[in-house]
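Read the structure below first, then the notes.
The values are calculated or read from the model by the stated rules, or taken from the named source; none is laboratory data. It should be emphasised that the depicted structure is a prediction, and the values quoted were computed from it without experimental measurement. Every residue, glycine as well, gets a Cβ built from its backbone with ideal geometry; the counts of neighbours run over all protein chains shown. Remember, those area values only see protein heavy atoms, side chains included, never the ligands or the DNA or RNA. Shrake-Rupley method; radii C 1.70, N 1.55, O 1.52, S 1.80 Å.
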Amino acid sequence: MEQPPYLTGQFLLALPGMSDPRFDHAVIALCSHDEGGAIGIGVGAIVEGLGLHDLLGQLDIEPGVAPDATIHFGGPVETRRGFVLHSLDWSGQDTIDVAGRWGLSGTTDVLRAIAEGTGPQRYLVALGYAGWDAGQLEGELTTPGWLNVAGSAALIFDTEAPDRWADALAGAGVDPRLLVAGAGNA
């Protein structure tokens, strides 16, 4: 049996009409996708009222030189668990290289390094993740709701969160103004 194409290092975009409102206009950076399932980090929405300095304080880490960046809603699973998507110029004890495009770290060593000024040059901090069991994402991709597009570190690090969904669609040649939430009848 032929293996499906795995999407690690790409983005999943929630299209209008997505049945799960938690993913309205979501942009998910897929960090792992194989026969065992998939894990992605949401990069299209921020957690209102929570900044990096607040998060560091909750972890008893002095902010040091770290600017007070926004925290992203990484997904609906384990929303108290933190993840950092970052440039590949830094690697820690649990860092995963995501298709040579960005790194993913989930322990406090990356936050400590950021606060000390020895961490990655570019980073995005998120709480929670999106996860799919074996075969679940492949099944969801056969129905309307998700569009996968090429991944790029620029979309994560150089584009503001509110613009990522439309910019990712435009990069795939899709005009978001032409998308509709339902299907018609012929």
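Note that the chain, at 20 °C in a medium of 1.002 mPa s, gets a Stokes-Einstein diffusion coefficient of 126 µm²/s from its Kirkwood radius over C-alpha pairs. Here the extension length gained between GLN58 and ASP97 equals 11.3 nm, from 0.36 nm per residue of separation less the Cα-Cα distance. Normalised by 2.2 N^0.38 Å, where N counts its residues, the alpha-carbon radius of gyration of the stretch 45-96 equals 1.21.
Give me the mean projected area, in nm² to one decimal, of the convex hull enclosing the Cα positions of the stretch 71-118. Display every interim value, and only then the final one.
Working: hull surface 14.7 nm².
Mean orientational projected area (the stretch 71-118, Cα hull): 3.7 nm².
Note on the stretch 1-65: Cα convex hull, mean projected area over all directions, 7.2 nm². Stretching ALA134 away from ASP89 to a fully extended chain increases their span by 13.1 nm, per 0.36 nm per residue minus the current alpha-carbon distance.
When you restrict to C-alpha pairs under 8 Å that are six or more residues apart and normalise by the size of the stretch 1-137, the relative contact order lands at 27 percent.
Taking Cα atoms of the stretch 117-186, Rg/Rh with Kirkwood Rh, to two decimals?
Numbers: Rg = 15.9 Å, Rh = 15.2 Å.
Rounded to two decimals, Rg over Rh is 1.05.
In this rough spin-label picture, where each label sits 7 Å from Cα along the Cβ direction, the ASP175-ASP20 distance is 3.1 nm. Average accessible surface for the chain: 52 Å² per residue, computed with a 1.4 Å probe over protein heavy atoms with every protein chain in place.
What is the sum of charges around ALA45, taking Lys and Arg as +1, Asp and Glu as -1, for the other residues whose C-beta is under 14 Å from the C-beta of ALA45? Please report the intermediate quantities before stating the final value.
Numbers: positive: ARG22, ARG164; negative: ASP20, ASP24, GLU48, GLU160, ASP163.
Value of the local net charge: -3.
Helical content of the chain, expressed as a calculated mean residue ellipticity at 222 nm, amounts to -5000 deg cm²/dmol (DSSP H runs of 4 or more residues, -39,500 (n - 2.57) each, divided by residue number, nearest 500).
Computing the accessible area with a 1.4 Å probe over protein heavy atoms, can you report the carbon and sulfur percentage for the stretch 1-136? Walk me through the numbers on the way to the answer.
Values: 3310 of 6670 Å².
Exposed carbon and sulfur together represent 50 percent of the surface.
In order along the stretch 139-149, the Karplus-derived 3J(HN,Hα) couplings, from 6.51 cos²θ - 1.76 cosθ + 1.60 at θ = phi - 60°, round to x, 5, 6, 8, 10, x, x, 10, 10, 9, 9 Hz, and Gly and Pro are given as x. Compared with the dominant principal axis of the Cα atoms in the chain, helix 161-171 is inclined by about 40°.
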